[in-house]
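Each reported figure results from applying straightforward, stated rules to the coordinates on display, with no laboratory input. Remember, it's a predicted structure, so these values are computed and weren't measured experimentally. Neighbour counts are summed over all protein chains in view; Cβ atoms, including those assigned to glycine, are modelled from backbone coordinates with ideal geometry.
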Amino acid sequence: MGELRKDYVLDRWVIVASERGARPHQFMHEEKVVAPELDFFAPGNESMTPVELDRVGDDSGWRIRVFNNKFAAARLEGQIELKTDNEFFTYSANYGEHEVIVETPDSLRQLWDFSDSELLEVYEMYNKRIGFVKLMDGIKYVNVFKNHKKDAGTSIVHSHSQLVGLNHVPQFVKDKVEATKKYDGCPYCKIVEIEKKSDRHCFENDDFVAFTPYASRFPFEIWVFPKQHLRLMSELNLKGLSEIMGKILRKLKEIDAAFNYVVHYSPDNEDLHFHIEVLPRLSKWAGFEFSGTIINKQPPEEAAKFYRGEI
Ligand SMILES: [Zn+2]
């Protein structure tokens, strides 16, 4: 069992997952390719994972497979409601649903090797699982993200994404919802129009645009927005999304970048413009970053040239 804890005063949440019971040296991990028989995301080892929740494919084989994370940061058990003791100590159980989406049966093939139609199947699965998990008891928001390589926080080489349904809307999403309310209409609709014509513009198709954000935090950071004001993944043309994401991922492959990406969409009864933030992890954050100011050594205007194939 673990606990979800809120900072004394900030709207900042931490899952203290004591069940992992890690000793200090266990926090250091090495990236290693394991032999196929030890890769429990690989076909033939299905019995080594928690029970299967979903798949693309049939009994003769699968292309995508979903199951609960064996080392779940959250589980559907314990106290759902948040409580506050003694004014400063706000907590609940680490209540939630934590799933792994294995994107391919191939131990070595990465998401950036996928064709657009293979990517489409992955994004359709995100959409399907978000729809499912959203309806689970006590779930207020479903995060979907991907970690690629050790510098992005995963030691598992087999390509996968993760989904975590939570009993609260995460601060990052809540902050955006609140910040956008200060504008007359959706600010992202206007930002998309401006960045389409700027030197940060990277890719575009009928439905989506990708640009390096004005105040990029990371070298090669890139954001993807639907051109229309759409709030949810279920409202998107996922084929168009796959085309744009494919272009980005193939550029990241050129520089062999560790990266995270995070899906942002509107919580219930709010009006946030859907987007995906892709965050390459080529530099490490240090004290200055953790004290609130980020140094990015690469102007986003330069990063955009890389995506457009000009450098
Ligand atoms: Zn909008």
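Phi angles across the range 291-306 convert, under the Karplus curve 6.51 cos²θ - 1.76 cosθ + 1.60 with θ = phi - 60°, into 3J(HN,Hα) values of 9, x, 10, 9, 9, 10, 7, 10, x, x, 5, 6, 4, 5, 4, 4 Hz, Gly and Pro given as x. Each residue of the range 129-136 is assigned a 3J(HN,Hα), and the resulting list reads 5, 4, x, 5, 5, 3, 7, 6 Hz, derived from the Karplus form 6.51 cos²θ - 1.76 cosθ + 1.60 (θ = phi - 60°), x at Gly and Pro.
3J(HN,Hα) along the range 96-112, derived from phi through the Karplus expression 6.51 cos²θ - 1.76 cosθ + 1.60 where θ = phi - 60°, amounts to x, 10, 10, 10, 10, 10, 7, 8, 7, x, 6, 4, 10, 6, 9, 4, 6 Hz, with x in place of Gly and Pro. Across the options Met125, Ser107, Ser155, the greatest Cα extent toward the positive end of the charge dipole of the chain (unit charges at beta carbon of Lys, Arg, Asp, Glu) belongs to Ser155.
In cubic angstrom, how much convex hull volume per residue do the alpha carbon atoms of the range 189-309 span? Each step should come with its number before you reach the end.
Working: hull volume 13.6 nm³, N = 121.
Here the figure is 112 Å³ per residue.
Could you tell me what fraction of 2.2 N^0.38 Å the Cα radius of gyration of the chain comes to, as a two-decimal ratio?
On the way: Rg = 19.6 Å, N = 311, 2.2 N^0.38 = 19.5 Å.
Here the answer is 1.01, to two decimals.
Work out the FRET efficiency for Gln228 and Ser117 from their Cβ-Cβ distance, taking R0 = 25 Å, and round it to the nearest 0.05. Computed FRET efficiency for Gln228 and Ser117 comes out at 0.60. Take the alpha carbon atoms of the range 127-142, find their center, do the same for the range 45-89, and report the distance between the two centers in whole angstrom. Each part's Cα centre sits 12 Å from the other's.
Each peptide among 183-194, 66-77, 139-150, 95-106 gets the average number of other Cβ atoms lying within 10 Å of its residues, and from highest to lowest they stand as 95-106, 139-150, 66-77, 183-194. Listing Glu195, Glu118, Glu37 from fewest to most neighbouring C-beta atoms within 10 Å gives Glu37, Glu118, Glu195. Using the Cβ-Cβ distance between Ile294 and Lys128 with R0 = 41 Å, the FRET efficiency computed as 1/(1 + (r/R0)^6) comes to roughly 0.75. Per-residue ellipticity at 222 nm from helix content only, as computed over the chain with -39500 (n - 2.57) for each DSSP H run of at least four residues, stands at -7000 deg cm²/dmol. Only Lys, Arg, Asp and Glu carry charge here, each on its Cβ (+1 for the first two, -1 for the last two); on that basis the range 123-241 has a dipole of about 260 debye about its Cα centre. For the pair Glu77 and Asn237, label points projected 7 Å from Cα toward Cβ lie 4.6 nm apart. Extension gain for Val34-Asp184 works out to 48.7 nm (0.36 nm per residue, less the C-alpha to C-alpha distance).
The charge dipole of the chain, taken about the Cα centre with unit charges on the Cβ atoms of Lys, Arg (+1) and Asp, Glu (-1), comes to about 680 debye, rounded to the nearest 20.
Between Thr84 and Met1, the simple label model (points 7 Å from Cα in the Cβ direction) yields a spacing of 2.4 nm.
Suppose we keep just the DSSP beta bridges with both residues in the range 1-168; what percent of those would be antiparallel, to 5? Bridges in the range 1-168 are about 95 percent antiparallel. With the simple spin-label model, which puts each label point 7 Å out from Cα in the Cβ direction, the Val9 to Lys305 separation comes to 4.4 nm. Direction-averaged projected area, Cα convex hull, the range 1-168: 11.2 nm², rounded to one decimal.
To the nearest 0.05, how large is the calculated FRET efficiency for Asp58 and Leu108 if R₀ is 22 Å and r is the Cβ-Cβ distance? Present the calculation step by step, with values, prior to reporting the outcome.
Numbers: r = 24 Å, r/R0 = 1.07.
About 0.40, to the nearest 0.05.
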